[in-house]
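Q: To start, I am sharing the structure in question, which I have written as structure tokens.
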Amino acid sequence: FLPSQSQIGLNLVRHAADVQALFKALPWTVAQIDLLCQDPLLTDNEGLLEPLGHVQNHARTAWIDLEGSWEQYLAGRSKNLRANLRRYEHRLEAEGLPARFVCHTEASDVRVGVLRYAELEGRGWKAAAGTALGSFDAQLAFYTSLLEHAAARGQARVYELYLGEQLAASRLTI
């Protein structure tokens, strides 16, 4: 089972022997086990289930290697992109909406950032579709706890973009 809003499926199976043991432990006859929406960048599932199951690889997770500073990263982008970014920033400032980026790494800040993210997502189309983070209390509690604990280990961040004093965009990362 994979919830409709899941972009990737969690896989805790490390060895083919684990799958064989799972087949034997289940109380009914099992014909196949499927691991859906697997990111081949993050999991090595090649041949893991054969011939007992199927692995469905999904699009690779979008990622950028964050070695170095923002300035170094930006310097490596095209001249046109850098010019466009400056133009957009100047336009926002002229309209009284200076852009401000914030990165939260402390567990308590990440927790509050998750709540702001849920509030922002709850004002958009996802709320009407019932898929916004926070549509269900248990879902919000899970994400808040997950990111807060990951942040305590230095493994989670919340990125926010403010236009003036208004939160315009947010991204949760692990």
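The values are calculated or read from the model by the stated rules, or taken from the named source; none is laboratory data. Keep in mind it's a predicted model, so treat the numbers as computed, not measured. Methodologically, a virtual Cβ is constructed for each residue, glycine included, from the backbone with ideal geometry; neighbour enumeration extends over all protein chains shown. Quick note on the areas: whole protein, heavy atoms, side chains included, nothing else; ligands and nucleic acids left out. Shrake-Rupley method; radii C 1.70, N 1.55, O 1.52, S 1.80 Å.
Q: Looking at V55, V110, can you tell me which residue is modelled with pLDDT of 90 or more and surrounded by 11 or more Cβ atoms within 10 Å (Cβ to Cβ)? Can you show your working first?
A: Working: V55 fails: modelled with pLDDT of 90 or more.
After applying the criteria, what remains is V110.
Q: Please tell me if R123 is at pLDDT 90 or above and under 28 Å from L147 (Cβ atoms).
A: yes
Q: Is it the case, given these coordinates, that A94 is open to solvent by less than 60 Å² (accessible area, probe 1.4 Å), at pLDDT 90 or above and under 26 Å from L163 (Cα atoms)?
A: No; evaluated as a whole, the condition is false for this residue.
Q: Could I ask something else about it? Report the residue count in segment 122-170 for those that are of a type in the set (D, E, K, R) and touching a residue at least 24 places away in the same chain (Cβ under 8 Å).
A: Adding up the residues that qualify gives 3.
Q: When the residues of segment 58-85 are filtered to those that are modelled with pLDDT of 95 or more and of a type in the set (K, R), which remaining residue is farthest from T173 (Cα to Cα)?
A: If we take residues in segment 58-85 being modelled with pLDDT of 95 or more and of a type in the set (K, R), then K79 is farthest from T173 (Cα to Cα).
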